[in-house]
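Only the coordinates and a few stated rules stand behind these numbers; no lab work does. Just so we're clear, the structure is a prediction, and the values are computed from it rather than from any experiment. Here the Cβ positions follow ideal geometry from the backbone for every residue, glycine too, while neighbour counts run over all protein chains shown.
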Amino acid sequence: MSFQPIKINKIYEEIVEQLKKMISSGELKPGHKLPSERDMAESLGVSRSSVREALTTLEAIGILDIRPGEGTFVRETSVSTTFAPLAMVLQLEQNPWGQLMEVRRVLETEIAALAAFHATEEDLRNIEANLNRMKTAQTISQSVEADLHFHFSIAEAAHNTILLRIMNTVADLMHNAFRVQREELFADKGEEIISEHEAIYNAIRDKNLDTAKTKMLQHINNIQAEIEFQEK
């Protein structure tokens, strides 16, 4: 029997897990307003930037709703969802990345088409804003965060609550289990990824369902091919 070295989680990841447990247990209920960043930072003994990153991550996967000028709230759609079993399954599988990409291929191509059909002007502004965040990101970490927000904003634009919840789970797993691979990908292929995202956004904006599906499929296929190449 051989054990692997224990990985030390980043501070914001510990905050994310703590908030998830509080939501899952019912201590934080849907609609509940969280304390301010400053109060949370003082209570947790961490920096405000760590709290902010944790809240942003949870907003990106649909668990929290950050409202400027109002505060941060637990989303009404958040239920006692357990992410741990799926994460454990992924750790035991031979090719977890490949399986997740297959799920993305099935899920996000249809989401892109639904977004092209249902997206409102506000939805389009959100998608474009996240695209611009990728273009102006100063670090690889910021690029990865903006990428997560971009895909989630497309899922929100599909206006399908069930698909949104499924996307929450997939996005959470992708973000936590494969962050290193995604950072390496952005370091090598950042410009190509942004170009592909721009093509997806344009198709959704133009309400071209077939093109939105095609561009999303091409993007996911390219991501998977690049990751598999890196791991050889």
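As an exercise, identify the chymotrypsin sites (Phe, Trp or Tyr not before Pro) in segment 174-222 lying in DSSP coil whose Cβ has no more than 15 other Cβ atoms within 10 Å.
On the way: sites: Phe178, Phe186, Tyr201; in loops: Phe178.
Qualifying residues, ordered by number: none.
Using packing as a proxy for protection, rank 153-163, 122-132, 63-73 so that the peptide with the highest average count of other Cβ atoms within 10 Å comes first. Walk me through the intermediate numbers first.
Numbers: 153-163: 18.9, 122-132: 16.9, 63-73: 14.5.
Output ranking for 153-163, 122-132, 63-73: 153-163, 122-132, 63-73.
Spacing of the modelled spin labels on Arg133 and Val103, each 7 Å from Cα toward Cβ, amounts to 2.2 nm. Over segment 84-230, calculate the relative contact order: mean separation of alpha carbon pairs under 8 Å at least 6 apart, over the residue count, as a percent. Reported relative contact order: 36 percent. Between Arg179 and Ile140, residue separation times 0.36 nm minus the direct Cα-Cα distance comes to 13.0 nm.
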